[in-house]
Amino acid sequence: MTGSSARSARRRPEHDPRRARRLGIMKIGIIGAGNIGGNLTRRLTALGHDVSVANSRGPETLAALAEETGATPVLATQAARGAEVVVVTVPLKAVPDLPSGLFAGAADGVAVIDTGNYYPQRDGRIAGIEDEGLTESRWTEGHLGHPVIKAFNGTYAQDILDRPRPAGAPDRLALPVSGDDGAAKAKVRDLIEELGFDTVDAGGLDDSWRQQPGTPVYGLREGVDGVTKALAEASPERPADFRG
């Protein structure tokens with residue numbers, strides 16, 4: 001970790017309850033239709049957003065999800081066309097195999113959300129993460145060729161459906177969000193809050209180790225105070241269970 005990122009990691013994460021606002025209808029692309037991608041498709045279409053969804057097996061395999069939600073099944077190369085937000089929710093080992101130029105047709109200022117986690121038992125050993133010290137999302141960003149915002153990586157997929165709460169509810173959960181692009185991060189935080197969850201700014205992408213697997217915030221079901229405390233208590237040392 002560099003001196004500048006170490007200093008930024010010590011900053012207290014920020015939460016601004018005034019951030020939530022009505023977004024209006026957005027074009028959203030989702031690449032990956034597993035548990036997280038499928039449930040985000042369900043919620044975002046229910047909120048009225050125009051959702052295109054892709055997976056590795058082709059649009060024809062998404063017919064049931066499309067019929068259920070009204071989302072448009074597309075090829076991965078088409079998911080970002082015109083999109084203001086794109087969610088990339090695939091296993092890390094699949095990231096290098098994604099088509100190049102994924103975001104070429106996206107809207108100006110598109111926010112790209114990375115929900116991924118590094119599991120060596122599934123993904124194989126990734127030297128850039130383990131030897132070079134890149135955060136998981138920084139590694140993903142390098143392969144995608146576009147800045148990313150890290151969010152939803154420690155969220156239980158079923159909670160996306162079952163745990164939304166109105167702003168101010170005592171049992172409303174908070175999600176950490178990290179990234180370097182302030183405008184994209186604000187857009188993502190607004191979208192998460194529209195989904196029914198508070199957000200906590202977890203810093204830049206080099207600080208996103210604080211929300212990786214094995215950290216106190218990973219899988220935590222708490223509000224803003226609990227998430228803020230967990231982020232502050234994180235250690236940069238990767239747990240043995242998450243090393244290859």
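The values are calculated or read from the model by the stated rules, or taken from the named source; none is laboratory data. Bear in mind the structure is a predicted one, so any value in this text is a computation, not a measurement. Here Cβ is always computed from backbone atoms with ideal geometry, including for glycine, and neighbour counts include all displayed protein chains. Side chains included, ligands, DNA and RNA excluded: accessible areas come from the protein's heavy atoms. Shrake-Rupley method; radii C 1.70, N 1.55, O 1.52, S 1.80 Å.
Just a few scattered comments:
- Here the Karplus curve 6.51 cos²θ - 1.76 cosθ + 1.60, taken at θ = phi - 60°, turns the phi angles of the stretch 177-187 into couplings of 9, 10, x, 9, 8, x, 5, 5, 5, 4, 5 Hz, with x standing for Gly and Pro.
- For the stretch 34-106, accessible area per residue (1.4 Å probe, heavy atoms of protein chains only), Å²: 44
- In the chain, the DSSP-assigned H stretches of four residues or longer account for a calculated mean residue ellipticity at 222 nm of -7500 deg cm²/dmol, using -39500 (n - 2.57) per stretch and the full residue count as denominator.
- Computing Rg and the Kirkwood Rh from the Cα coordinates of the stretch 135-201 gives a ratio, Rg/Rh, of 1.01.
- Packing rank of 46-52, 74-80, where each peptide gets the mean count of other beta carbons within 10 Å, highest leading: 74-80, 46-52
- Each residue of the stretch 43-60 was assigned a 3J(HN,Hα) from its phi angle through the Karplus expression (A = 6.51, B = -1.76, C = 1.60, θ = phi - 60°), giving 6, 5, 5, 5, 7, x, 6, 8, 10, 10, 10, 9, 9, 7, 9, x, x, 5 Hz with x at Gly and Pro.
- Solvent-accessible surface (1.4 angstrom probe) belonging to residue 233, in square angstrom, nearest 10: 100
- Under 17 Å from a label point set 7 Å out along the Cα-to-Cβ vector of residue 60, the amide N atoms of the stretch 74-91 belong to 74-76.
- Considering only the chain, percent of DSSP beta bridges that pair antiparallel, nearest 5: 10
- Accessible carbon and sulfur surface of the chain relative to its total accessible area, %, 1.4 Å: 48
- More than 32 Å apart - percent of Cα-Cα pairs taken over the chain: 15
- About the Cα centre, charge dipole magnitude for the stretch 80-205 (Lys/Arg +1, Asp/Glu -1 at Cβ), debye: 200
- Computed from point charges on the beta carbon alone (+1 for Lys and Arg, -1 for Asp and Glu), the dipole magnitude for the chain about its Cα centre is near 320 Debye.
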